[in-house]
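See below for the structure under consideration.
The values are calculated or read from the model by the stated rules, or taken from the named source; none is laboratory data. Just so it is clear, the model here is predicted, and its values are computed rather than measured. Please note: Cβ atoms are built from the backbone with ideal geometry, for glycine as well, and neighbour counts cover all protein chains shown. Remember, those area values only see protein heavy atoms, side chains included, never the ligands or the DNA or RNA. Shrake-Rupley method; radii C 1.70, N 1.55, O 1.52, S 1.80 Å.
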Amino acid sequence: MKSFKQMTKEELLEVKEQLDKEYSEAAAKGLKLDMSRGKPSSKQLDLTRDMLDVLNSESDMISENGLDIRNYGVLDGIPEAKKIMADILQVSPDNVIVCGNASLNIMYTLVSNAYSFGVLGNEPWCKQENVKFLCPAPGYDRHFAISELFGFELITIPMKEDGPDMDLVEKYVNNDPSVKGIWTVPKYSNPQGVTYSDEVVKRFAALKPAAKDFRIFWDNAYIIHDLYDDKKDTLLNIFDECKKTGNENLVYEFCSTSKVTFAGAGISAVAASDENIAAIKKVMGIQTIGFDKINQMMHARYFKNVEGVYEHMKKHASLLRPKFEAVLNIFNDGLKDLDIATWTNPLGGYFISFESMTGCAKAIVDKCAKAGVKLTGAGATFPYKKDPNDSNIRIAPSFPTEEEMSEAAKLFVLCVKIVSAEKLLENM
């Protein structure tokens, strides 16, 4: 089929008539498929089912530092868990705090702490006027939601092929003292699957913030989520680069096992400089006596070391890879030559970022929903849920089965064609 944009009005009307028939047939199937969130599938969750057998009533409950893990104590995590999480992030265990099941909770807590108490002795954000946060977009909607909840001004930073537009980042951070933070997903970004280039990481580390209390929220959620063993992206260690520039306090880094073990019962971690860790622990020590050390021990004894984690991630990749490839093949087969859309081909992470023609994303999502396929809401990947081009759609292939994913992708392609044809016909 030739490009939609090269068709005459008559040709496009004829094509649309056929597409409408196909859509009616697809809608009649009564599909109920959910591609709205990047959730692990049941098969992925089953990969660590045997982790539940690691500890039982006969197990030794003493950590290597001599603490009975059933009791109070050890605010920053047991040594065994700290070592594994530190090795994942390639930092010292002394610079890691192991927390509960969600890294998002740590991010929220650090924003809340800065808002209420300030950052390293600086004035609390609640007492400052017009606090601003930089939001690379398309990006992670839950990041933006935290900033919006606290009433901050959200500033969109366009994403490029190698990361955020650093010219804009530097302009805002280095010149505006009301800019207090930036959200980042540096490896296999949500939703584009972009890994920040070496130059981008170095420019982050070399920032000269106008605000002394500015922080980079380095959400390394997909640091070990490669889809291919023989081709994977690499990311510079942000802390190594910050040491070179004397900016050790600039970064909070996060990760978790939410998509490694159990999404609802993993462990998470924050890594930071000595000063930042001390400040976090000072407030955290009032907030809690400690996190779930039994769960930490279960993870540590199950994996034994970071190599055990890496081997486990290959099992996840073997389940995810066919789903991603199925979607991408269907996109290529159905849309490649029509000149109405583009999409990313990530080597890892949990998402595919799809760009429709301008003004079509909401209509595509709505049309899919009416036929039984639920997608992330159009606009969700932008601050305030407002995509200025109404073109970005986040595709999450992980949760449905491979067969369901193929069915959903075919319907999605059909909806893209119909909405695109309607948009072009409007302008003829």
**OP:** Could you identify the single residue in LYS244, LYS315 that is surrounded by fewer than 19 Cβ atoms within 10 Å (Cβ to Cβ), in contact with a helix residue (DSSP H, G or I) (Cβ under 9 Å, 6 or more places away or on another chain), under 29 Å from LEU207 (Cβ atoms) and among the charged types (D, E, K, R)?
**Re:** LYS244
Subject >> Wholly within segment 333-421, strands (runs of 3 or more DSSP E) carrying at least 3 residues that are in contact with a helix residue (DSSP H, G or I) (Cβ under 7 Å, 6 or more places away or on another chain) >> reply: 392-395
Subject >> Spans of helices (runs of 4 or more DSSP H) in segment 45-156 with at least 2 residues open to solvent by 30 Å² or more (accessible area, probe 1.4 Å) and within 30 Å of PRO400 (Cβ to Cβ) >> reply: 103-117, 141-149
**OP:** Pick out the one residue from ILE395, ILE418 that is in contact with a strand residue (DSSP E or B) (Cβ under 8 Å, 6 or more places away or on another chain) and either free of Cβ contacts under 8 Å to residues at least 60 places away in the same chain or buried (at least 18 other Cβ atoms within 10 Å of the Cβ) (or both).
**Re:** ILE395
**OP:** Being under 30 Å from SER42 (Cα atoms) and assigned to a helix (DSSP H, G or I) is the filter here, so list the residues in segment 239-298 that pass it.
**Re:** LYS293, ILE294, ASN295, GLN296, MET297, MET298
Original post:
What number of residues within segment 16-41 satisfy the criterion of being of a type in the set (Phe, Trp, Tyr) and surrounded by fewer than 11 Cβ atoms within 10 Å (Cβ to Cβ)?
Top reply: 0
**OP:** Can you tell me which residue among LYS2, LYS21, LYS29 is basic (Lys, Arg), part of a loop (DSSP other than H, G, I, E, B) and more than 33 Å from the chain's Cα centre (by Cα)?
**Re:** LYS2
Subject >> Checklist (1) among the basic types (Lys, Arg); (2) out of contact with any helix residue (DSSP H, G or I) (no Cβ under 6 Å at 6 or more places or on another chain); (3) without any contact (Cβ under 8 Å) to a residue 60 or more places away in the chain; (4) under 26 Å from ALA269 (Cβ atoms) applied to LYS202, failing item >> reply: (2)
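For (1) of a type in the set (Asp, Glu); (2) touching a residue at least 60 places away in the same chain (Cβ under 8 Å); (3) more than 26 Å from ALA396 (Cβ to Cβ), each residue gets a yes or a no:
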{"site": "GLY151", "(1), (2), (3)": "no, no, yes"}
{"site": "LEU154", "(1), (2), (3)": "no, yes, no"}
{"site": "PRO164", "(1), (2), (3)": "no, no, no"}
{"site": "VAL169", "(1), (2), (3)": "no, no, yes"}
{"site": "TYR172", "(1), (2), (3)": "no, no, yes"}
{"site": "ASN175", "(1), (2), (3)": "no, no, yes"}
{"site": "LYS180", "(1), (2), (3)": "no, yes, yes"}
{"site": "THR184", "(1), (2), (3)": "no, no, no"}
{"site": "TYR188", "(1), (2), (3)": "no, yes, no"}
